[in-house]
């Protein structure tokens, strides 16, 4: 794909989704006197109408281009999403998309066009470290912080990123949007992690995807006793409570998925507890540590994090031991490591340590 830039000499490209956050980010950068180019990423079916995007760009007084990345997104995100669920794992498509598409493929295209910076509406901050090297930090608004989803970015891209909303709260962003009188689509809604699923549960989306095989099998307890039948391992995730169809005095949860035997293991809440986890494909946003480190491990988005020791188990592999046991450690999910507000890196959870 060739990017045709209508704004030679652009200083920053803003990924313009059509929503409030990215529009306010663009407005803030333009107010600073920067030459701003709006870039809309067409990733999947649906999304904002072309008329809405053009109206938004006119209100912001910036040129707008659209990149059709549906093929890239399908190959690198949707296929991964279906593959992981079919393997009985819990994927995180937003973490994957940010690394592969938004700050991967898109950044590559921008560099080729000579555009030196990329901005988005993410709630996160890039701050200079003690040595002046950029670091990735949580946003000021901890309730909206999205740094977790940026854990797999290449360190080399950090100097080129701008997150104009990092120092703002969501109410402040909404107030600026009102002041700007931004046109919003009538069906506008807040961005969701599964932005490519317009409505309904992810299981319905999976059933429509090619290559997803899900044969019924046994629901069993930790001792292997059959409790009922499941619809296919692809439709369950560790920690799930609803939709199991197994009555009990205390609620059952999915505590393990065993794709090799096509079994879903149920247990009580205390059986979800894990003392740690093993992760692979670890990406560091700091110089790679050579010995164990102490960090706060965040095992899913909205998880408050837990103090932990992170031990190196080999190239890009770690063993994480929590200070206190945690519930619902799900293979396939992403674990992020923090030192106070600084994001150190993260990896893909392979297994829980009971």
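Quick rundown of the values:
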read-out: Sole residue being crowded, with 22+ Cβ neighbours inside 10 Å and not assigned by TED's automatic domain parsing to the domain that holds residue 147, chosen from 291, 336; value: 336
read-out: Selection status of residue 102, closer than 26 Å to residue 174 by Cβ and in a helix (DSSP H, G or I); value: yes
read-out: Subset tally (residues that are in contact with a helix residue (DSSP H, G or I) (Cβ under 7 Å, 6 or more places away or on another chain) and in a strand (DSSP E or B)) for region 253-284; value: 4
read-out: Test set (1) surrounded by fewer than 14 Cβ atoms within 10 Å (Cβ to Cβ); (2) touching a strand residue (DSSP E or B) at 6+ places or on another chain (Cβ under 9 Å) - residue 213 fails condition number; value: (2)
read-out: Only listed residue being under 25 Å from the mean Cα position of the chain (by Cα), farther than 19 Å from residue 199 by Cβ and part of a helix (DSSP H, G or I), chosen from 67, 53, 41; value: 53
read-out: Residues of region 107-117 satisfying the condition of being surrounded by fewer than 21 Cβ atoms within 10 Å (Cβ to Cβ) and either under 19 Å from the mean Cα position of the chain (by Cα) or not in a loop (DSSP other than H, G, I, E, B) (or both); value: 108, 109, 111, 112
read-out: Residue in region 2-16 that is buried (at least 21 other Cβ atoms within 10 Å of the Cβ), part of a helix (DSSP H, G or I) and modelled with pLDDT of 95 or more present; value: no
read-out: Selected residue (criterion: farthest from the chain's Cα centre (by Cα)) from residues of region 138-176 that are without any contact (Cβ under 8 Å) to a residue 60 or more places away in the chain and either part of a helix (DSSP H, G or I) or assigned by TED's automatic domain parsing to the domain that holds residue 303 (or both); value: 175
read-out: One residue from 55, 25 being buried (at least 21 other Cβ atoms within 10 Å of the Cβ), out of contact with any helix residue (DSSP H, G or I) (no Cβ under 6 Å at 6 or more places or on another chain), touching a residue at least 60 places away in the same chain (Cβ under 8 Å) and not assigned by TED's automatic domain parsing to the domain that holds residue 299; value: 25
read-out: Residues that are more than 18 Å from residue 17 (Cβ to Cβ) and part of a helix (DSSP H, G or I), drawn from region 79-98; value: 79, 80, 81, 82, 83, 84, 85, 86
read-out: Residues being within 12 Å of residue 282 (Cα to Cα), in contact (Cβ under 8 Å) with a residue 24 or more places away in the chain and not in a strand (DSSP E or B) - total across region 299-354; value: 1
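The values are calculated or read from the model by the stated rules, or taken from the named source; none is laboratory data. The model shown is predicted, which means the values in this text are computed figures rather than measured ones. As a convention, Cβ positions derive from the backbone with ideal geometry for all residues, glycine included, and neighbour counts pool all protein chains shown.
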